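Here is the structure we will look at.
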Amino acid sequence: MLNLPTSVEEITEETKRAFKAFDLQKKLEQATLAVSCSDLSAIQAIQLPSECTDFKEGCKGRDMEGAVTLDWRVDPFASMSDLTLLVYDGSGSGGVPYYVHTLTLVHGGRKSGFVAEQMKLQQSGKRSHNNCAGDYKIEIYVPPLAAKHIPEFLDYVYGRELKITTSNAPPLRYLANRFDLRDLYKDISTKFIPADLEIGTAPMYCTLADQLKDFELRDRAIKVMAERMDKLNINSVKNLSPRLMRSLVQCEKLECSSEELSEKVAIWLRLHRELEQARDEALIGDYNGMDESRNASASSVRKDNNETMTDEDFYWITHVQFMPKIAPSEALFYFKFGSQYPQVMNEVGSGSLKSRCLAAFSGKWAVDKLAAHVENKDAKPFDLYENLDLESKVELLEASLVGAKKMLTEKDEASKQQDVKDKDAKRSDEIMYKTNYESSSSSSPADKIMKVVVMGCGVQPANGIYIYKESGIDERTSSGSNLINNNTIVYEKEAIWNQKRVTFVLYPTTAGQYYSQHKLAVRQSNSQQSKTLYNSPTVMGLSGVIPELAWEVEGEMEGIHPPPQFVGKIEQPPAKSWNKSLTHSV
C-alpha cells in the first residue's frame, strides 16, 4: 500500500526535493563523466559541487535522495566500480575479483599505499591497459589465510568498524602491511597484539603467523611459549607442525626441566599422531574394501604432506641437547614410538635416544613396574612392554637388570655413609656431654658459663651446645670476613665430622658500618684456618645479639643443607663490673 501525500503542501515539498536531487545528480555527472578513468591526476583534481558535500562524505547523515554510496559488495555497475582487485591465494583455482573504487582505495581516509602505487605504474605505461572505463585491474598474491579475510579488510577500508580478535589479528596485520595501511598495521602490531599475546593465545598466533610467513610474529609467540613451557598446556599446541615444535624445543628461552620436557613432548607426539590419522582418513576416505591403488594414494598423501613428521624432525625434537634425561614413565613410549624412525633409533652412544630410554627404564619406577608385571601379568598389565618385539624386550630386561644392580650398590653405599654419620654424631655427643659437664663442674653457681644451642642444621655433629671461649681469636676465616675485634665473644663445640676431629666455631663479624653478622664455621684440629658453613642474617646493633632464625648456607656448598633452624643462648654471662656500675647509675 502506497503512502501518498495528503495535502498540497506535502506534494509541493516532495516535488521540490525530487527536482533538487535531479539537479545535484546532473552537476555531479558534469564534474566526473568528462574525466577519463585512466587519468589518476584528473581524478585527484575533481572538485565536487558544494551542494554534493553529503555525497563527498559518504552520504552520512544526508537527507538527499538518489545519491550513490560507494560499496564494494553491491553490483559493480550500480556502484560505479572503476577498479578490479584480483586476489590469488596460490590454490590454482584462479583469482577472486573484487570490484572496488579508486576514490576509496587511493584517496579515502583509509587509503592503500600499495593500490596507489600500482595505479601510478599503470598510468605511466609500466603495465599494459586501455583507456576505457572500468579497465583498471590490479593482481595481488596472498596466502590462503589472508585471502579469506579480504572481505573483512575491504569493509574496514570502506569505513566499517573492525573488530580485532586473536584469530583475525595475524591475517589483518599481514593485509595491512601488504596493502600499506599504516594506521591499521600500527594499531594491530603495537596495541592489540602486545596486550593479547600470552601463554594461552601464543599457540594460535604461532600457527597463524607461520601460515602467513610472518616470521617476526611467529618467533615472538614461540618465545612466549618457551618462557612458560613448564606452565604450557600441551593440548593447546597440538596443531603445531613438527617444524614449529622443533623451533619451540630449540628456543634459547626454553624454561623446562629435561624430564618434564620429555613428558610434554610425548603428549604432543600422541596428539600429533592422532591428527595425522584423522587427516589421512579425511583425505582418502574410510571406505571398506579399499583397494591397493587407494592405499598407495593414502601413502602418497602422507609423504607429500608437510605436516608429516620426518626422521629429522623426530631427531631434533628429542635431541640430547634439550632432553638429556627421559622421564621413566615415558621411556617405553619413546622406545616404541621411535621404531617408526630407524635412522634415529639406530644411533649409538650414550647421547642417543635409545640409550637415554634404556637408562630411564633402568630406574626404580620402571624396574618396579616391570617386576610387578612379570610377577603377575593379569593383575599388573603392561601393554607397551608386551607389544614390543622380542629383541626390544631383551634389551629392556637387560637395562632393568643393570639398573637393579646399580640401585643395590647405591643403597649399600648410602647405608655405609649413614653408618659413618651416625658414629660421628654419637662420638660428637659424647664429647659435647663431657665438655659441658667439665665446664659446669669447674665454675661456681654464681658464675654461669655462656652457652649457645644450635639445632636443625644439615651437618649433624654441628648441632648441640656451644660453650663460650674466654680468649679472643684473631685469625681470618676462609671466606675472608673480619672478626669484630680480638676479644670478640666466640662459642666452640668439639666434635667428629667425616671421621676427623674438628671444632665448630660460632662468632660475629662486621657487615658494614652499623651491622653485624654471625657465622658458623668448622676448623680442623691441626689448623687455625676456619671454613664457613652457615651465615646468619645481618642485624643492626651490637655483635652480642645472635639471630635465632633465617640462617643460610654459605655460597654453593653441597651436602650441608639445611642451615640451622634455631640458634640461641641458653645461659647468661655472670654480671661484670661495668654492668653493675651501669645498674647502680640507673
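The values are calculated or read from the model by the stated rules, or taken from the named source; none is laboratory data. These numbers come from a predicted model, not from an experiment. Here the Cβ is made from the backbone with ideal geometry for all residues, glycine too, and neighbour counts use every protein chain on show. Just so you know, the surface numbers come from the protein's heavy atoms only, side chains and all, with ligands and any DNA or RNA stripped out. Shrake-Rupley method; radii C 1.70, N 1.55, O 1.52, S 1.80 Å.
Model label sites at LYS393 and ASN526, defined 7 Å from Cα along the beta-carbon direction, differ in position by 6.1 nm. Amide H contacts for LYS137 (H built 1.01 Å from N in the peptide plane; partners 5 or more residues away or on another chain; cut-off under 5 Å): THR84. Using a probe radius of 1.4 angstrom, the carbon and sulfur fraction of the accessible surface of the stretch 80-196 is 48%. Using the Karplus relation 6.51 cos²θ - 1.76 cosθ + 1.60 with θ = phi - 60°, the per-residue 3J(HN,Hα) values for the stretch 248-258 come to 5, 5, 8, 4, 5, 8, 4, 10, 5, 5, 4 Hz, with x marking Gly and Pro.
Report, to the nearest whole %, how much of the accessible area of the stretch 220-265 belongs to carbon and sulfur atoms, 1.4 Å probe, protein only.
Answer for the stretch 220-265 is 35 percent, counting heavy atoms of protein chains only.
The H on the amide N of LEU533, modeled in the peptide plane, is under 5 Å from the matching H of LEU520, ALA521, VAL522, each at least 5 residues off or on a different chain.
Using packing as a proxy for protection, rank 314-325, 455-466 so that the peptide with the highest average count of other Cβ atoms within 10 Å comes first.
The densest-packed peptide leads the list: 455-466, 314-325.
Working ranking of peptides 234-246, 151-163 by packing, defined as the average number of other Cβ atoms within 10 Å per residue, highest first, is 234-246, 151-163.
Once the Cβ-Cβ distance of LYS137 and ASP230 is raised to the sixth power relative to R0 = 45 Å, the FRET efficiency obtained is 0.25. Given their separation in residues at 0.36 nm each and the Cα-Cα distance between them, SER258 and ASN239 gain 4.6 nm when the chain is fully extended. Exceedance of the 27 Å cut-off in Cα-Cα distance is limited, within the set LYS264/LYS405; LYS325/LYS531; LYS411/LYS531; LYS148/LYS238; LYS451/LYS531; LYS253/LYS411, to LYS264/LYS405; LYS325/LYS531; LYS411/LYS531; LYS253/LYS411.
Sparse packing (at most 14 other Cβ atoms within 10 Å of the Cβ) combined with a DSSP loop state is found for the following chymotrypsin sites (Phe, Trp or Tyr not before Pro) in the stretch 497-570: TYR514. In order along the stretch 354-370, the phi-based Karplus estimate (6.51 cos²θ - 1.76 cosθ + 1.60, θ = phi - 60°) of 3J(HN,Hα) comes to 4, 5, 5, 5, 5, 5, 5, 6, 8, x, 4, 4, 5, 4, 4, 5, 5 Hz; Gly and Pro are listed as x. With R₀ set to 35 Å, the beta-carbon distance separating PHE382 from THR409 gives a calculated FRET efficiency near 0.85. Once the Cβ-Cβ distance of LYS163 and TYR437 is raised to the sixth power relative to R0 = 60 Å, the FRET efficiency obtained is 0.10.
Modelled label positions at ARG270 and GLU558, each set 7 Å beyond Cα in the direction of Cβ, lie 3.4 nm from each other. Taking θ as phi - 60° and the Karplus parameters 6.51, -1.76 and 1.60, the scalar couplings of the stretch 262-267 work out to 4, 5, 5, 5, 4, 5 Hz in sequence order, x denoting glycine and proline.
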